[in-house]
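Below is one structure, written out as structure tokens, with a few remarks after it.
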Amino acid sequence: MANELFIPKARSANELASEAVASGSLIVTPDTGELYADLSGGRVKISDVIELATDAARTALLAPLSKFYYVKATGKLWRWDGAKWVNLSPDCLPLNGVAKAAEKLQTARSISLAGIVRGSASFDGSANKTITVSPVSNELMALYKPYTYNTTGVLTVLDAAAMGLWRNMSAFLDPENVTYETSADGGETWTTDTALTTEAMTRGIFSGVYGNGSIQMFKSPAPMTTSKQMRMTIDVGTGRYGTVSRLYLYVNIANHVVVLDVERATKGSPDVFVPVVSDKKIAGWSGPNIISLGGTITWGGGSTSNTQRFRLTFRCTSVNDAYPNSIPIIYDIRLYGDTVWTPNNNLQNSGHLYKWDGNQNVTFPANLTADSIDATKLTGVMPEAVHPTTAGNNHIPAGGATNNILAYAGAGTAGWTDFKRTMMVHAGSVNANSDFNDCTTPGEYTVSANPVVNGPISVCYGLLLVLTRINTDGAGNNSNYVFQFLFMADARVWFRSRISNGTWTSWAVLITSAMLATTTANGLMSAADKAKLDGLSGGSADACSLFGTGITPPELLGKYVKQADGSYVNTASTGNGGYVIRLATGGTWEIYSTDFSMTLWTTSASVEHPWQVDAWTADSSSFATGTPQIIQL
């Protein structure tokens, strides 16, 4: 039996039922542990097979029989031919398998390159292949232009590639170090122009990013003329020291013809400019330009021979008649160099806004704004915000329901409780055949029941007040405790409660009509007090008499007369209701009156408490034998 006789397959028992017979196939059903061979005569089950768990178990057999051996761990079928093991399962790929190695591709493939270079070759995998390429200039140029393709070609491939290596020496230049001048007569006269742009726009065009700012290359209004010119003087300022060799401009010239002159002045002679670049044509609608300054120029530093200022002069030499009212615009200006001795900012130093150290700690110079931040990445970078839970810092607790309010539940803690505990609201009505046991919602109920269920009596008219106990934590009501107060129309007040096990207590009378006092029987007050109140309700002078009916103090003589001691005596009043005020021995005031309608005043400086006086009671028929008492007015 040659190795090529069988192609091994693995199928489940269900899949085998629908598997077509393919002569030369050896099929194993792992789920049943059976083996089948597809021969020209059909599918045959091989039953005389010895199953082994591992291949090690096979090779460990000391006297194998001339039979088939199936190894479950590898899925291979072996036969012992009396002298050696024969592998009946060649290393074929399973269905949709991937080969680990191959001599060559069955069909050679063609490989072609597109983009900035061109080239192709046929490859079958049998040997290495070299593809000869040729560059395509237009595609190469366009690849390195971050915006629209600049048709004048002033941005070379090498310049574009080197931009990532150079240092932006003018990054974040202070607007105070930039001045603008305009000319309307072809450069004969110049005027400092502070209205050409704003400080924010100047800061934007030197930020190192296109789109942060813009300025007009020539002064408005339109139309454009060849007489219009603009020059910009860029001073290095302080804290900026390095080399400059390239000028980067991103402009929109509106298809006019614009040329640029670049000059420089030293620190020793900052107002004397010498040419660096003259009549350099710039382009872009819109697009970038990189202009070589003819060598390396030291910008900044302490030497008087170092360059302090650059001056850029823009001149329009031809107007595009199709767009005469379009004024060219500058969007981005950068002075590039390859050496920075004194950086003014991170971008100038490293090409990035941020800086970092050897431990990858990153520092940003200003605010960082992002649409989204992965908080898991901030672990250890910024402290985790932990909301305090002390008194005064707690959130409104969860839960609550309609008619709930927050109530005190401990120091700095509040809980939900029923609003009806604080302000009574109408909770319902108790009508005929209503059950008082159902009235457990806090509030007041109108009672008009004949008959009534579980009431104190069968017929009830009045008002029911229901209260519930607040939990000890303040978080809502404890509905197991209910208190009912029934105020009846006959002046009786009934009470009962439901305790924690749900059992209602019996009704008890708190107040009845029999508890009311009369002038002859004690009640909620004494009979004597009741008699006094009834007397007051009559409104007579005798009812308010301090001395009793018919008693007239001897001092009531006719009108108020000022006494030697500074007191005033009413001598005009007669009969019941008159009174006299005098200063008695010891500095106290004495009042003699038959009613409480009295007024007290004095001019005596010796009286500290003029409202505290002595009065004679009505238990004596004469002034001389009365007993003084204190009355607080």
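The values are calculated or read from the model by the stated rules, or taken from the named source; none is laboratory data. In this text the structure is predicted, and so the values were computed from the model without any measurement. Note: ideal-geometry Cβ built from the backbone for every residue, glycine included; neighbour counts use all protein chains shown. The accessibility values were calculated without ligands, DNA or RNA, using every heavy atom of the protein model including side chains. Shrake-Rupley method; radii C 1.70, N 1.55, O 1.52, S 1.80 Å.
Checked against the criterion of being open to solvent by 70 Å² or more (accessible area, probe 1.4 Å), outside any helix (DSSP H, G or I) and over 20 Å from Asp438 (Cβ atoms), region 493-511 contains one or more residues that satisfy it.
Is it fair to say Val277 is touching a Gly at 6+ places or on another chain (Cβ under 8 Å) and under 23 Å from Cys316 (Cβ atoms)? Spelling it out, Val277 is indeed touching a Gly at 6+ places or on another chain (Cβ under 8 Å) and under 23 Å from Cys316 (Cβ atoms).
Within region 99-108, the residues that satisfy the criterion of being surrounded by fewer than 10 Cβ atoms within 10 Å (Cβ to Cβ) and either modelled with pLDDT of 60 or more or touching a strand residue (DSSP E or B) at 6+ places or on another chain (Cβ under 9 Å) (or both) are Ala99, Ala101, Ala102, Glu103, Gln106, Thr107. Scanning region 435-447 for residues that are part of a strand (DSSP E or B) and open to solvent by 60 Å² or more (accessible area, probe 1.4 Å) yields a single hit, Thr446.
Residues in region 264-276 that are out of contact with any Ser or Thr (no Cβ under 6 Å at 6 or more places or on another chain) and surrounded by fewer than 17 Cβ atoms within 10 Å (Cβ to Cβ): Ser269, Pro270, Asp271, Val272, Val274, Pro275.
Screening region 303-354 for strands (runs of 3 or more DSSP E) wholly inside it with 2 or more residues that are surrounded by 15 or more Cβ atoms within 10 Å (Cβ to Cβ) returns the ranges 307-318, 329-337. If you go through region 32-42 and keep only what is open to solvent by 60 Å² or more (accessible area, probe 1.4 Å) and in contact (Cβ under 8 Å) with a residue 12 or more places away in the chain, you end up with Thr32, Leu39, Ser40. Evaluating Asn478 against the criteria (1) at pLDDT below 80; (2) part of a strand (DSSP E or B); (3) open to solvent by 50 Å² or more (accessible area, probe 1.4 Å) leaves one unmet condition, (3). For region 175-185, indicate whether the set of residues that are open to solvent by less than 40 Å² (accessible area, probe 1.4 Å), among the aromatic types (Phe, Trp, Tyr) and assigned to a loop (DSSP other than H, G, I, E, B) is non-empty. No, because not a single residue in region 175-185 is open to solvent by less than 40 Å² (accessible area, probe 1.4 Å), among the aromatic types (Phe, Trp, Tyr) and assigned to a loop (DSSP other than H, G, I, E, B).
Asn150 meets all of the listed conditions (1) modelled with pLDDT of 55 or more; (2) open to solvent by less than 80 Å² (accessible area, probe 1.4 Å); (3) not small (Gly, Ala, Ser) but one, namely (1). The residue list Ala385, Ala409 contains one member that is outside any helix (DSSP H, G or I), of a type in the set (Gly, Ala, Ser), at pLDDT below 80 and within 28 Å of Ser497 (Cβ to Cβ), which is Ala409. Condition test on Ala527, is it exposed (fewer than 15 other Cβ atoms within 10 Å of the Cβ) and either out of contact with any helix residue (DSSP H, G or I) (no Cβ under 9 Å at 6 or more places or on another chain) or at pLDDT 80 or above (or both)? Here the answer is yes, as Ala527 does meet what is asked.
Residues in region 287-302 that are within 52 Å of the chain's Cα centre (by Cα) and part of a strand (DSSP E or B): Gly287, Pro288, Asn289, Ile290, Ile291, Ser292, Leu293, Thr296, Ile297, Thr298, Trp299.
Considering the conditions (1) touching a Lys or Arg at 6+ places or on another chain (Cβ under 8 Å); (2) at pLDDT 80 or above; (3) surrounded by fewer than 13 Cβ atoms within 10 Å (Cβ to Cβ), Ala432 is excluded by exactly one of them, (1).
Taken over region 216-235, residues that are polar (S, T, N, Q), open to solvent by less than 20 Å² (accessible area, probe 1.4 Å) and out of contact with any Ser or Thr (no Cβ under 8 Å at 6 or more places or on another chain) amount to 0. The set of residues in region 258-286 that are over 20 Å from Gln308 (Cα atoms), part of a strand (DSSP E or B) and small (Gly, Ala, Ser) contains only Ser286. Among the numbered conditions (1) modelled with pLDDT of 85 or more; (2) assigned to a strand (DSSP E or B); (3) surrounded by 13 or more Cβ atoms within 10 Å (Cβ to Cβ), the only one that Ser122 does not meet is (3). So how many residues does region 188-199 have that are touching a residue at least 12 places away in the same chain (Cβ under 8 Å) and either open to solvent by less than 70 Å² (accessible area, probe 1.4 Å) or of a type in the set (Val, Ile, Thr) (or both)? Final tally of qualifying residues: 6.
Of the listed requirements (1) free of Cβ contacts under 8 Å to residues at least 60 places away in the same chain; (2) at positive phi, Gly301 misses just one: (1). In region 277-286, the condition of being crowded, with 17+ Cβ neighbours inside 10 Å, within 51 Å of the chain's Cα centre (by Cα), closer than 16 Å to Ser170 by Cβ and among the polar types (S, T, N, Q) is met by no residue.
Screening Arg167 on (1) open to solvent by 80 Å² or more (accessible area, probe 1.4 Å); (2) modelled with pLDDT under 90 shows it passes everything except condition (1).
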